[in-house]
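*Asks:* I'd like to ask some things about the structure below.
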Amino acid sequence: MFTDETLDLIGAESTWRKSHQQTQESRSCQTLPVHTAEAETQAKDVLENSTQTQDQISQTLSLDRDISDFPGLVEFLRRVEDVVIRELVKNSKSHAFDGFEVNWEDQNDSVSCMYRLQHVDAQERGLQVTSVSWNCTGSVIACGFGRMDDGDWSNEKASVCTWNLDRQNLNPMRPDVIIDVPTPIMCLCFHPVRPSVFAGGLYSGEVLVWDSSRSQDLILAQTGMSADTHREPVYQVNWVPGARRGEFVVLSAGSGGRVLLWTIDGAEAKLTLSSGYAFVPQQMPQCGAASKPRGSTTIGVTSVALSPWDLDTFLVGSEGGLVLKCSFSSGTVAAVPPDGESVTLRNPMQFSFSPRGGPIHSVHFSPFHRNLFVSVGTDGLAHLHSVLQPHPLLSIRVSDSYVFWVRWSPTRPLVFAAVTGQGLVQMFDLGRRSLRPTSTIDQNTGGQPAYCLEFNPKHTNLMAVGNADGSVNIWQLSAELTEQGAKETAVLEQLANEVTD
Amino acid sequence: MCDYQKCKHWGGNQDYTSTRNKRKTHLCCDMAEVEDTLKRIQGYNGVIGSIVVNAEGIPIRTTLDNSTTVQYVGLLHQLTMKARSTIRDIDPQNDLTFLRIRSKKHEIMVAPDKEFLMIVIQSPTE
């Protein structure tokens with residue numbers, strides 16, 4: 001009934017597909033051949049030229065030339081002498097300009113906070129700002145993060161941040177340069193001539209020098225951990241003029257009782273020890289009121305001040321409350337057992353001032369008088385000393401808590417500023433009769449201490465203050481605090497001469 | 001003033017300077033007189049320094065240090081010339097006799113002349 005059957009295939013041809021193919025055409029194009037030609041040139045004459053700048057040589061004055069070279073000098077003096085003397089006498093008696101003041105610039109009457117710089121990462125970890133430094137052009141501020149209240153050895157990673165305040169797109173929450181360091185950084189100092197080089201001292205005793213103008217590895221030189229380095233935290237670094245003109249060496253002072261001078265070896269990126277000083281209690285000079293500290297084996301250095309007048313002198317403040325006057329060129333050898341250092345350590349102490357109750361956190365020489373300096377410590381007082389006598393000239397109560405840093409104003413000879421453990425900046429004017437601060441600036445840190453303060457060397461109305469909550473406040477000071485009055489240097493001189501014999 | 005033949009230095013070194021009216025005076029007397037005059041001026045109340053400059057701007061005698069002197073001379077020479085031309089532009093028959101500049105810290109006095117310039121810096125004693 002049902003059988004298999006195969007049928008033929010049935011196909012239907014497409015009509016449109018074929019017609020498409022019929023309309024196909026091919027086209028081609030080609031550029032014309034490109035003409036090329038070769039030619040050569042060669043310079044036959046070569047000329048070299050170079051220029052170089054030189055430090056300005058001071059003009060020679062013709063002071064040793066004879067009067068005979070200047071005919072008519074005598075007559076000139078005869079003619080002019082009477083006129084000049086008349087004017088001199090008139091001027092010395094004149095009251096015409098008493099109280100006459102000219103305002104060249106807009107007087108800024110108030111102190112305002114320009115920026116509040118923060119590094120979010122460091123703040124989250126609860127790090128505090130331990131030191132700030134302005135560079136020599138006054139446009140970059142660097143701050144080091146660490147801890148001041150930690151008594152224990154810490155290996156916590158910290159950082160150094162810089163901000164360039166002259167840039168248009170300054171973001172106070174984001175630093176321009178962030179450098180990570182292995183241990184908390186205790187002190188920073190910018191190079192006095194090169195605007196991108198700065199040195200820092202770490203909690204572990206190492207000293208590093210960075211160059212922020214480099215693109216890759218920012219570390220210019222470091223001490224590493226050798227027999228020469230400090231074993232204790234480095235509390236102060238500074239740049240000191242070296243042997244050759246224009247060269248600077250790094251001075252580092254640590255609580256191990258050592259002040260060391262390092263030269264930068266750029267080729268090997270190392271800091272090599274060039275000379276060192278050790279502080280031994282037995283070798284301390286006995287001066288009147290000072291008594292030998294009992295039971296201590298080292299005099300831990302917590303602050304150093306270099307004299308801007310006398311390149312040989314420097315002051316040292318210690319953990320035990322001593323302030324010592326030292327000299328770089330002293331020759332006596334320190335009585336420490338040699339510990340594998342490459343240079344012999346010398347004893348620089350020359351004079352000891354009357355000791356204080358607690359560690360001396362900061363010492364600063366006055367930029368206007370060669371004999372005066374101010375020192376502050378944990379006893380809450382600021383002592384104004386003259387280098388010539390052991391007892392202080394003035395003792396001013398700054399605050400009830402610790403005082404961490406003090407700096408003289410770079411423009412007004414009688415003004416200095418100190419930061420306290422309550423987060424206030426107290427500015428004192430010695431020209432006023434009362435010993436109370438002329439102005440108090442609150443850092444808005446909620447009672448947390450402020451640790452460091454620096455005046456901007458170029459824009460002298462700016463002041464940077466580093467706080468324990470990890471922020472740096474940049475304050476613009478009023479004209480009253482920054483403009484020098486007429487007689488301030490004379491009053492300072494008078495103060496300095498109150499030295500009792 | 002030295003009288004040449006009647007002066008006490010007559011008989012020794014006869015170096016002389018001749019003045020405009022052809023009078024001769026001993027060189028050593030002239031030098032002493034110059035130093036005396038400058039010392040007198042320097043001794044007045046409040047005078048910080050004094051400088052004598054020649055027409056080319058080269059300091060001849062000064063009581064200040066080299067770098068300060070060079071700075072004062074360079075700047076004040078130009079200022080004196082400018083002041084003189086200002087006076088003469090306003091009135092060609094007039095001329096500058098004395099220039100005083102008062103600043104916050106001191107007063108600078110300039111006595112000009114054809115060949116020389118004297119600069120004295122005094123701080124006001126209030």
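*Asks:* In this structure, does A:T489 turn out to be open to solvent by 30 Å² or more (accessible area, probe 1.4 Å) and assigned to a helix (DSSP H, G or I)?
*Replies:* yes
*Asks:* Also: Pick from the range B:93-107 the residues that are over 16 Å from B:G49 (Cβ atoms) and open to solvent by 90 Å² or more (accessible area, probe 1.4 Å): which of them is farthest from the other protein chains (Cβ to nearest Cβ)?
*Replies:* Going through the qualifying residues, I end up with B:Q93.
*Asks:* Does B:T80 qualify as being modelled with pLDDT of 90 or more, open to solvent by 60 Å² or more (accessible area, probe 1.4 Å) and under 22 Å from A:K90 (Cβ atoms)?
*Replies:* Considered against the rule, which asks whether it is modelled with pLDDT of 90 or more, open to solvent by 60 Å² or more (accessible area, probe 1.4 Å) and under 22 Å from A:K90 (Cβ atoms), B:T80 comes out as no.
*Asks:* Tell me yes or no: at least one residue of the range A:461-477 is in a loop (DSSP other than H, G, I, E, B) and without any contact (Cβ under 8 Å) to a residue 12 or more places away in the chain.
*Replies:* No, every residue in the range A:461-477 fails to be in a loop (DSSP other than H, G, I, E, B) and without any contact (Cβ under 8 Å) to a residue 12 or more places away in the chain.
*Asks:* Consider A:E81 carefully, then state whether it is open to solvent by less than 100 Å² (accessible area, probe 1.4 Å) and at pLDDT 85 or above.
*Replies:* When the stated conditions are applied, A:E81 passes them.
*Asks:* Further question on the same structure: Any chance the range A:409-419 includes a residue that's open to solvent by less than 30 Å² (accessible area, probe 1.4 Å) and in a helix (DSSP H, G or I)?
*Replies:* no
*Asks:* Residues that are more than 14 Å from every other protein chain (Cβ to nearest Cβ) and over 19 Å from the mean Cα position of the chain (by Cα): find the strands (runs of 3 or more DSSP E) completely inside the range A:86-152 holding 1 or more of those.
*Replies:* Because the criterion is at least 1 residues that are more than 14 Å from every other protein chain (Cβ to nearest Cβ) and over 19 Å from the mean Cα position of the chain (by Cα), the strands (runs of 3 or more DSSP E) in the range A:86-152 that meet it are A:112-118.
*Asks:* With respect to B:T68, determine if the residue is of a type in the set (S, T, Y), facing another protein chain (nearest Cβ under 10 Å) and surrounded by 12 or more Cβ atoms within 10 Å (Cβ to Cβ).
*Replies:* Criteria not met by B:T68.
*Asks:* With the structure loaded, tell me whether A:L388 is open to solvent by less than 40 Å² (accessible area, probe 1.4 Å) and touching a residue at least 24 places away in the same chain (Cβ under 8 Å) or whether it fails that test.
*Replies:* no
*Asks:* Within the range A:309-332, work out how many residues are of a type outside the set (V, I, T) and surrounded by fewer than 16 Cβ atoms within 10 Å (Cβ to Cβ).
*Replies:* Total satisfying the criteria: 7.
*Asks:* Let me ask something else about it. Would you be able to tell me the number of residues in the range A:425-466 that are hydrophobic (A, V, I, L, M, F, W, C) and farther than 15 Å from A:L477 by Cβ?
*Replies:* Qualifying residue count, the range A:425-466: 4.
Quick grid of which residues meet (1) at positive phi; (2) in contact with a Gly (Cβ under 9 Å, 6 or more places away or on another chain); (3) modelled with pLDDT of 80 or more:
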| site | (1), (2), (3) |
| --- | --- |
| A:E247 | no, no, yes |
| A:S291 | no, no, no |
| A:S296 | no, yes, no |
| A:G300 | no, yes, yes |
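*Asks:* Same structure, new question: Exactly one condition in (1) surrounded by fewer than 20 Cβ atoms within 10 Å (Cβ to Cβ); (2) under 27 Å from the mean Cα position of the chain (by Cα) is false for A:P337; which is it?
*Replies:* Here A:P337 clears every test but (2).
*Asks:* Every residue in the range A:358-370 that is under 18 Å from A:D310 (Cβ atoms) and not charged (D, E, K, R), please.
*Replies:* Correct list: A:V363, A:H364, A:F365, A:S366, A:P367, A:F368, A:H369.
*Asks:* Is there a residue being more than 21 Å from A:C143 (Cβ to Cβ) and open to solvent by less than 20 Å² (accessible area, probe 1.4 Å) anywhere in the range A:469-478?
*Replies:* yes
Here's the yes/no breakdown for (1) touching a residue at least 60 places away in the same chain (Cβ under 8 Å); (2) open to solvent by less than 10 Å² (accessible area, probe 1.4 Å); (3) assigned to a loop (DSSP other than H, G, I, E, B):
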site	(1), (2), (3)
A:W239	no, no, no
A:R245	no, no, yes
A:S252	no, yes, no
A:L260	no, yes, no
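*Asks:* Filter the range A:209-223 down to residues that are more than 17 Å from A:V343 (Cα to Cα) and in contact (Cβ under 8 Å) with a residue 40 or more places away in the chain and give me whichever is most open to solvent (accessible area, probe 1.4 Å).
*Replies:* A:Q222
*Asks:* Sticking with this structure for a sec: Could you say whether any residue in the range A:347-357 is in a loop (DSSP other than H, G, I, E, B) and closer than 16 Å to A:D310 by Cα?
*Replies:* Yes, the range A:347-357 contains a residue that is in a loop (DSSP other than H, G, I, E, B) and closer than 16 Å to A:D310 by Cα.
*Asks:* May I pose another question? What do you reckon, is A:V415 aliphatic (A, V, I, L, M) and touching a helix residue (DSSP H, G or I) at 6+ places or on another chain (Cβ under 7 Å)?
*Replies:* So A:V415 fits the description; yes.
*Asks:* Right, another one. Quick check on the range B:31-46. Is at least one of its residues more than 10 Å from chain A (Cβ to nearest Cβ), touching a residue at least 24 places away in the same chain (Cβ under 8 Å) and more than 12 Å from the chain's Cα centre (by Cα)?
*Replies:* No, there is no match, as no residue in the range B:31-46 is more than 10 Å from chain A (Cβ to nearest Cβ), touching a residue at least 24 places away in the same chain (Cβ under 8 Å) and more than 12 Å from the chain's Cα centre (by Cα).
The values are calculated or read from the model by the stated rules, or taken from the named source; none is laboratory data. Computed from a predicted structure; not experimentally measured. Cβ coordinates were reconstructed from backbone atoms using ideal geometry, including for glycine residues, and neighbour counts include every protein chain displayed. Heavy atoms of the whole protein, side chains included, go into the accessibility calculation; ligands, DNA and RNA do not. Shrake-Rupley method; radii C 1.70, N 1.55, O 1.52, S 1.80 Å.
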